[in-house]
1. Take LEU44 and ARG81, extend 7 Å from each Cα along the Cα→Cβ direction, and tell me the distance between the two endpoints in nm.
2. Could you order SER185, SER82 by accessible surface area, starting with the largest, using a probe radius of 1.4 Å?
3. For TRP45, what accessible area in Å² do you get when you roll a 1.4 Å probe over the heavy atoms of the protein chains, rounding to the nearest 10?
4. With a 1.4 Å probe and all protein chains kept in place, how much accessible area does THR83 have, in Å² rounded to the nearest 10?
5. Local charge sum around THR149 (other residues, Cβ-Cβ under 13 Å, Lys/Arg +1, Asp/Glu -1)?
6. Using a 7 Å offset from the Cα along the Cα-to-Cβ direction at both SER262 and GLU219, what is the distance between the two label points in nm, to one decimal?
7. Could you give P(r) for segment 61-193, binned at 10 Å from zero, as whole percent values over all Cα-Cα pairs?
8. Using only the C-alpha atoms of the chain, find the volume of their convex hull and express it per residue in Å³.
Amino acid sequence: MMMSNVRIVIAGSLAALSLAPLPAPFASPSIAQESPSPARPQALWSGFSSPVGMGFDSTGNLYVAEWSAGRVSRIDPQGNRSTFADELSGPSGLTIGPDDSIYVASYSRDEIYRFTPDGARSVHVTGLATPAGLSFDRAGRLIIANRRTNQILAVTETRQLVAVIDGLNIPVGAVQTPDGGHVVSNLGGGVTILRPDGTRIEAGSAFATPGPGVAMTREGRVFVVDYGGTTVREILPDGRNRAIAEGLRSPVGLTLTPDGRSLLTAAWGDGTIYRISIPD
């Protein structure tokens, strides 16, 4: 059902990478000039109901927000699946905090929930406008792709919302890069690279429709799903991109595995989570 909702609500209504001439912008692969053939992803788990946001805690548990089912599922390191939280309304973005708290965006109720590792739930932030992808910036602030206002927002220590980036094109996912810039995926089209000096590069012409899944390696390499297509692509600092995996049915979620060597992506079209090896 999210597929129809998201293709209408999201597609009708579902940024910014900072590449200033500062030291250490987000990283390029060592063979950026070459484009090896995209990999075929490895299917790991199936049977999810419109999976979107995903994230690992410090002990290796994987959490998956399932939009249509209104729940968050947990897969332990041995592969056992259980329901972590249910009776949610349009769970979309998901990220894990430094203390292993789980943050989940309610796309339908315009709020963010915070769960303790044992499942205790509280409302963390309200007053949003169809929040989608979630992540943390280098200062430890929760950042939110606030789709309806075309902004990336940050949550302060007092739980106030402050605008980090304005004037986007229906943003649904974002990460802050090592140089202090951002990369934003826009459901309305394109991937925005915002440098620390405010310079913007629009870098998503190869995407059909960028989705909420934006992930970054520890070295600063950035990857974005093509929700309207079949690929996961790496965004390069100069605005180019390359497909690293293909053959997916509307990939929407994306997260880095604990060992840093692979990505997991959740496909909306078949409810399956896949593993993608990160190329050199």
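1. Distance between the two pseudo-spin positions: 1.3 nm.
2. Greatest to least solvent exposure: SER82, SER185.
3. That residue has around 60 Å² of solvent-accessible surface.
4. 80 Å²
5. Neighbourhood net charge equals 0.
6. If labels sit at SER262 and GLU219, their model points lie 1.9 nm apart.
7. Computed distribution, short to long bins: 13, 45, 33, 9, 0.
8. Hull volume over Cα atoms, normalised by residue count, gives 111 Å³.
The values are calculated or read from the model by the stated rules, or taken from the named source; none is laboratory data. Bear in mind that the values here come from a model prediction, so they are computed numbers and not experimental data. Methodologically, a virtual Cβ is constructed for each residue, glycine included, from the backbone with ideal geometry; neighbour enumeration extends over all protein chains shown. With ligands, DNA and RNA removed, areas are computed over all heavy atoms of the protein, side chains included. Shrake-Rupley method; radii C 1.70, N 1.55, O 1.52, S 1.80 Å.
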